[in-house]
Every structure is written in structure tokens, then in C-alpha cells.
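Novice: Quick one: this structure, given as C-alpha cells, is what I'll be asking you about.
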Amino acid sequence: MNTTPRKIVHIDMDAFYASVEQRDDAALRGRPVVVAWRGNRSVVCAASYEARKFGVRSAMPAVRAERLCPDAVFVPPDFTRYRAVSKQVREILLRHTDLVEPLSLDEAYLDVTAPKTPIDSATDVARTIRAQIAAETSLTASAGVAPNKFLAKIASDWRKPDGLFVIRPHEVEAFLAPLPVARIPGVGKVMDAKLEALGIRTCMDLRRRDVHELEQRFGRYGRRLSELAVGIDERAVNPDQPVQSISAEDTFEHDVTLEEIAPMIERLAAKTWAASRKTARIGRTVVLKLKTSDFRILTRSHTPPVAPQSAGEFVAIALALRDRVDLPARTRYRLVGIGLGNFREADDASMQSELFG
């Protein structure tokens, strides 16, 4: 275990795509902006803070966003422009450390334990980075500073937008004690419900549970929960880790038939597609994952000649993969997942025509 606390910074651009649009078009400033193509199968890529007040969120179906906020201005995404701004931000981050791990176009981890500049304080590094981003891009970023990645990511969200929050090593346990378990990475709605059934609502509740009990119930993730509840996260910042795959999955409250799965596939495919738009790389292979009621796992995949160019196309391919499942019609399923893999660099000349259809 690392005995010397790392100094980790998590930088998260505020409503990135929407903020770029508002920066470049004065008529959009102060208005609810939704970055998305219109259409039944389109998903929200980003929403301005004005739109978020109405409940609009990224990965939400565009038609639902329109219902929630009828006055929203819909702007088609321009990923060429977003990638250019992301590169500009990345260059700012690299002035301070070579240990930069991008998570997407709009966020990254930095290890500033030994920074490249004379700035010794991680808090001052984060403050300087935010000032440089504002001065050079006219955009705002929020930052979290902490001894590890888990805490830094939580901290960056603490005072959004345009905020800075620091969790010092001696503050970790007190900070985490009242934190809802739903804020822990990997704790989705299903896991949160399982923990609630056990009376576990906060990190303090997790600490009171024996780690072996958590392991028995949740496997290796049970131990991970126990560690995170006390602030243990030994993951290093790994620069230049290219995205290999992106996926989303859901476990049903009740087992369902293959015919009933279509709405879940559409929802998960939309979520996966929205997440894939936040990386600089382009995915080509669509994957359907199913788990039967007796825990048998099967996958089906398809790599089209041209990478999917829209959410609608991606959803259609995912739905078509369901037709390749050859188990008896009476088979019931407890989990479905949709993934996008086989990622390539976006600047690959052979793929340029596929990127922004």
C-alpha cells in the first residue's frame, strides 16, 4: 500500500459541449441549450446548466429533453470543434505534469505529487490550471484535489460549476462518513437498492459491515466497497490509456423474455452511444450481452463496414443482434448490456468520412 499520499487533481470541464456552443454563439448565452440531433432515437450529448434546471441530462432521449424543456435550443453536436478545444485543454494540463490520464474529451486525472512547475501545492496547481483554462479558452472547469482518484473525482463535482474543492488526507474519513453510497462509482440503482435492503445508506454504514460479509454478498466488489468507504484507492494515474470499449448494462428486478428486452436495449444503447461521443476515438463493433436466469452469459457482436454514424444506427444494430440469440423463446434473462468496442483513432484517414455523419 502506498504510504506517502499522492496529490491527485481531477479536472472536469463544465457542461463542456454546451459551454463551447454558448461561447461561440452569443445568442445562446443564458438560454437552455441541448446539444443533440433531433429524432426519436437521438440522445442528449450535453445540456447547459440552464437546461439542467428542467431535469435535462446527458444520455437522455432527445424527445424526453424536449418534453421537459420545450423552450430548449437544440444544437447539433460538432465533435471536430469539441476535440480541438479538448486538445487545447490537454496542452494546458501537460504543462504541469506528464501524468495526465484523460477519461473523455472533458475530464482528466492528474498526478501532481511531483509537478513540472515550481508550484508545490496541489491546490495551487488546480487553481492555476483553472485560471489558464478560463484565460485561454473562455470556458470554466471544476477541480477536485485529493489523495486518490476516487476522492478527487467526487471533489470535482462538489462545487460545480466553476468550483474547486479540496479533500486533505486528514479529512478523508470525516468527509466520507455521511457520503451516500450512491455517490460511489459502480453503485447504480440496482446495487443501491440492494445496499438499502441491508440498511446501508452511507459510507459509515459500510464501515460498520464486516468485509467478509460484503464479499459473500457482492464478490470482489464487496471488498472494493469496504475499501472505498474508508478512502482507500491505490489506482495510479495512467497516461495515454486509449479507450478500448464502452458499455452499459442493467440487471432487471424481474427476469424477462427476449421479446420484452427491446426497450432496455434501446435505453442502454442510447446511454452507451452518448458516452462514446465523449472520447476522441471511434468505436466500430457493437456488442449485445445477455445473462440468463440461470446465470449463463452469451454475447453477440457485429462490426459494420462503416462505423455507426448516429445514435439511431447504433440502436438499430443493437436491436438486430437480439435476433441472433437462438435460445428457446421461454428463456428468461436477468441482465442485458450494450457495448461499443474495437476503437480506433479519430484522425485515422480511412475513417474521416465516418466521424460526423
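We did not get these values from a lab; they are worked out from the coordinates using the rules stated. As the structure is a prediction and not an experimental result, all values here were calculated from the model. Positions of Cβ are backbone-derived with ideal geometry, glycine not excepted, and every protein chain shown enters the neighbour counts.
Novice: Tell me, what does the Kirkwood hydrodynamic radius of the stretch 1-166 come to in angstroms if you use every pair of distinct C-alpha atoms?
Specialist: Every distinct Cα pair counted, the radius reaches 16.5 Å.
Novice: Report the charge-dipole magnitude of the stretch 255-339 in Debye, nearest 20, computed about the Cα centre from +1 at each Lys and Arg Cβ and -1 at each Asp and Glu Cβ.
Specialist: 380 debye
Novice: Could you work out Rg/(2.2 N^0.38 Å) for the chain, with Rg from alpha carbons only?
Specialist: 1.04
Novice: Moving to a separate point now. How much length, in nm to one decimal, is gained on full extension between R332 and R217, taken as 0.36 nm per residue of separation minus their Cα-Cα distance?
Specialist: Computed gain between R332 and R217 is 39.1 nm.
Novice: Additional query: Considering the dipole of the stretch 186-326 built from charges on the beta carbon (Lys and Arg +1, Asp and Glu -1) around the Cα centre, which of L268, S245, L206 is farthest to its positive end?
Specialist: S245
Novice: What per residue convex hull volume, in Å³, comes out for the stretch 229-337 when only alpha-carbon positions are used?
Specialist: 142 Å³
Novice: To the nearest 20 debye, what is the magnitude of the charge dipole of the stretch 29-147 about its Cα centre, counting +1 on the Cβ of each Lys and Arg and -1 on the Cβ of each Asp and Glu?
Specialist: 600 debye
Novice: For labels at A174 and R235 in the simple 7 Å Cα→Cβ model, what's the distance in nm?
Specialist: According to this spin-label approximation, the distance is 2.8 nm.
Novice: Roughly what would the spin-label model give for N342 and R159, points 7 Å off Cα along C-beta, in nm?
Specialist: Placing both labels 7 Å along Cα→Cβ, they lie 4.7 nm apart.
Novice: Here's a follow-up. Count neighbours as other Cβ atoms within 10 Å of each site's Cβ, and list the GluC sites (Glu not before Pro) in the stretch 221-307 that are DSSP loop with at most 11 such neighbours.
Specialist: E234
Novice: Residue separation times 0.36 nm, minus the C-alpha to C-alpha distance between H302 and A316: what's the value?
Specialist: 3.9 nm
Novice: Please work out whether the stretch 177-229 counts as rounded, prolate or oblate from its C-alpha gyration tensor, where a ≥ b ≥ c are the square roots of the eigenvalues and a/c under 1.5 means rounded, while otherwise a/b larger than b/c means prolate and anything else oblate?
Specialist: It is rounded, given that a/c, with a ≥ b ≥ c, falls under 1.5.
Novice: Still on this structure: Would you mind checking the stretch 312-338 for residues with the amide N under 20 Å from a putative spin-label position 7 Å along Cα→C-beta of S293?
Specialist: Flagged as within label range: 325-337.
Novice: Could you calculate the contour length gain from R324 to V63, that is, 0.36 nm times the residue separation minus the distance between their Cα atoms, to one decimal place in nm?
Specialist: Here the answer is 91.0 nm.
Novice: Is there a quick way to get the dipole size of the chain? I mean about its Cα centre, with the Cβ of Lys and Arg at +1 and of Asp and Glu at -1; what is the value in debye to the nearest 20?
Specialist: 480 debye
Novice: What's the percent breakdown of Cα-Cα distances in the stretch 134-278 across 5 Å bins, shortest bin first?
Specialist: 2, 8, 13, 16, 17, 17, 14, 8, 4, 2, 0
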